[in-house]
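For reference, the structure discussed in these notes is given below.
The values are calculated or read from the model by the stated rules, or taken from the named source; none is laboratory data. Since the structure is predicted, the reported quantities are computational estimates derived from the model, not experimental observations. Virtual Cβ from ideal backbone geometry, glycine too; neighbours counted across all protein chains shown. Remember, those area values only see protein heavy atoms, side chains included, never the ligands or the DNA or RNA. Shrake-Rupley method; radii C 1.70, N 1.55, O 1.52, S 1.80 Å.
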Amino acid sequence: MNWVIIALRNLSRNKGRTGLASSMVGFAVALTVFLCGMEDGIEAGSVEAGTSLFVGQLQITKPGYDDNPRVSDTIPGLQYALSVLSGDPDVVSAAARVEAFGLLFGPEKSAGTRMIGLDVPSETLTTRLHKMLKEGRFIDPDNPGSALIGSNLARQLGVGIGDSMTFITQAADGSIGVGSFILSGIIETGDMNLDSRTLLVNINEARATLAISGAHRLVARTRGAEAAEPAAKRLRPNLLGLSVLSWETYMNIIKMMTDIGRAYAMIVLVVFLLLAVAGISNVMIVSVSERTKELGIIMAMGAHRRHVAFLILMESFFIGFFGVMVGVALGIGIVAATGVTGIDLSAWSRAIKMVGWPDVIYPRFGEFFLQGTIMTCILSFLAALVSGLFPAVGSARLEPARAMRQV
């Protein structure tokens with residue numbers, strides 16, 4: 001006998017019940033495929049939002065600088081390092097920075113602040129900090145003393161656009177470094193460090209204040225977040241004596257959040273598949289009970305018990321197969337549609353910023369989507385087979401004579 005044909009015929013005898021069972025699998029698959037695409041979009045959006053604002057996808061410093069920053073720890077061979085970065089195929093731009101901690105004085109109040117000197121032309125190509133202005137203008141290299149601070153720091157100091165500020169720190173030569181600045185702009189980024197504890201000035205004025213000529217940090221932008229770690233591995237042999245880190249290292253909180261998101265998507269898949277298993281099992285048990293006499297006749301005609309069990313398992317497999325095919329197609333369609341329009345979560349912007357999500361999520365067909373879809377298909381097929389085991393074993397244990405008397 002061709003058990004595959006018989007299984008398909010049996011399923012077609014009650015299309016409504018078969019469709020219901022397949023739809024259970026299809027719903028679970030479609031939802032999980034969409035969640036995988038959404039997780040890819042969340043990852044890409046979170047990394048882009050977290051790195052493009054200020055920290056970049058790559059950072060180069062002297063080894064140990066971030067653990068114990070000193071004004072004298074400038075990058076040796078700064079121009080050479082910049083040329084190596086510009087020669088890498090995945091590095092789009094790079095910017096040098098000067099950093100120091102000190103006290104920032106307003107007209108009446110002061111606050112502990114980190115001064116960061118920016119190479120403005122390169123900075124605007126590398127980060128989107130210049131797009132975060134709340135009021136005023138960005139740092140003007142041709143306007144001596146031009147400076148930015150965050151909105152929280154401005155309120156703390158009680159300063160506004162045009163007010164004078166003085167920054168005091170220890171210079172590299174041991175003297176007291178003093179910088180005088182005029183507030184030209186106020187930024188609001190949502191980043192506590194930038195908005196509450198940072199003074200941004202032109203890099204040359206920061207160098208003059210600190211009595212140095214180099215830079216403490218290089219920040220680079222790559223062609224994509226996924227290109228950062230490969231680029232870092234290529235750059236390290238050419239930048240010996242320097243620490244070359246990708247965002248995956250110095251922003252490990254984002255990496256941790258993406259791992260949690262992936263685990264959540266898999267948990268959702270397992271929960272829905274368990275529900276699908278229960279549904280398919282019930283459908284198959286009902287189907288077998290209605291065909292007890294028919295199965296008894298088949299066994300009386302010479303069919304082995306394993307053939308009857310195989311027949312029931314084939315029916316479960318086809319229910320899963322049809323559900324998986326429809327679910328994958330539906331999930332891909334939803335990902336493709338929302339990948340263009342985006343999913344706007346701006347109404348919950350305060351909550352989603354706490355977990356590092358962007359305001360608008362664009363689901364995409366990324367690495368996790370491919371891995372998750374393959375895993376979903378495999379687990380769905382296995383779930384369909386598992387759901388048919390109990391009714392298959394029960395069918396195989398039927399006594400032909402007793403089964404044929406069943407009404």
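Relative contact order, percent, of region 24-139 when contacts are C-alpha pairs under 8 Å separated by at least 6 residues?
Numbers: 82 pairs, mean separation 25.9, N = 116.
Across region 24-139, relative contact order equals 22 percent.
Which residues does the label zone of L103 cover in region 177-194, counting backbone N under 16 Å from a point 7 Å along Cα→Cβ?
From region 177-194, the list is 177-180.
Looking at region 43-184, what % of the alpha carbon pairs are farther apart than 17 Å?
Working: 6728 of 10011 pairs.
Roughly 67 percent, once rounded to a whole number.
Taking H as built 1.01 Å from N, whose amide H comes closer than 5 Å to the amide H of V244, not counting residues under 5 places away?
So V244 has HN proximity to no qualifying residue.
Calculate, in whole percent, how much of the Cα-Cα pair population of region 91-161 lies beyond 14 Å.
Values: 1631 of 2485 pairs.
Result for the distance tail: 66 percent.
Output the peptides 317-328, 206-217, 124-135 sorted from most to least packed, where packing is the average of other Cβ atoms within 10 Å over each peptide's residues. Before the final figure, lay out the partial values.
On the way: 317-328: 22.2, 206-217: 20.6, 124-135: 17.2.
Descending mean neighbour count gives 317-328, 206-217, 124-135.
Would you kindly state how much longer the chain becomes between D173 and S346 on full extension, computed as 0.36 nm times their sequence separation minus their alpha carbon distance, in nm to one decimal? Write down the numbers at each step before the final one.
Numbers: separation 173, 0.36 × 173 = 62.28 nm, distance 4.89 nm.
So the chain would gain 57.4 nm between D173 and S346.
Under 25 °C and 0.890 mPa s, how fast does region 5-119 diffuse according to Stokes-Einstein, given a Kirkwood radius computed over C-alpha pairs? Answer in µm²/s, whole number.
Approximately 120 µm²/s, per Stokes-Einstein.
Straight-line reach from K134: which aspartates and glutamates fall under 19 Å, measuring Cα to Cα and dropping same-chain residues less than 8 apart?
Within the straight-line limit of under 19 Å, K134 reaches these aspartates and glutamates: E123, D163, E188, D191, D195, D359.
Could you check the simple spin-label distance between R234 and N143, using points 7 Å along Cα→Cβ, in nm with one decimal?
Each label point lies 7 Å from its Cα, and together they span 3.9 nm.
Arrange the residues M257, M165 by how much accessible surface each exposes, largest first, with a 1.4 angstrom probe. List each step's numbers first, then the result.
On the way: M257 70, M165 0 Å².
Output order, biggest surface exposure first: M257, M165.
For region 188-275, what does the alpha-carbon gyration tensor say about shape, rounded, prolate or oblate, given a ≥ b ≥ c as the root eigenvalues, a/c under 1.5 as rounded, and a/b over b/c as prolate? Each step should come with its number before you reach the end.
Details: a/c = 4.24, a/b = 1.87, b/c = 2.27.
It comes out oblate by the Cα gyration axes.
Express in Å², to the nearest 10, the accessible area of E39 obtained by rolling a 1.4 Å probe over the protein heavy atoms while all chains stay in place.
E39 has an accessible surface of roughly 20 Å² with all protein chains in place.
Given the C-alpha centroids of region 183-197 and region 216-260, what is the distance between them in whole angstrom?
Region 183-197 and region 216-260 have Cα centres separated by 24 Å.
Quick one: order E315, E43 from most to least accessible surface, probe 1.4 Å. Before the final figure, lay out the partial values.
On the way: E315 0, E43 25 Å².
Highest to lowest solvent-accessible surface, that is E43, E315.
Between M192 and Q371, what length in nm is gained on full extension when 0.36 nm per residue of separation is reduced by their alpha carbon distance? Don't skip to the end; give the middle numbers.
Details: separation 179, 0.36 × 179 = 64.44 nm, distance 3.55 nm.
Extra length available between M192 and Q371 comes to 60.9 nm.
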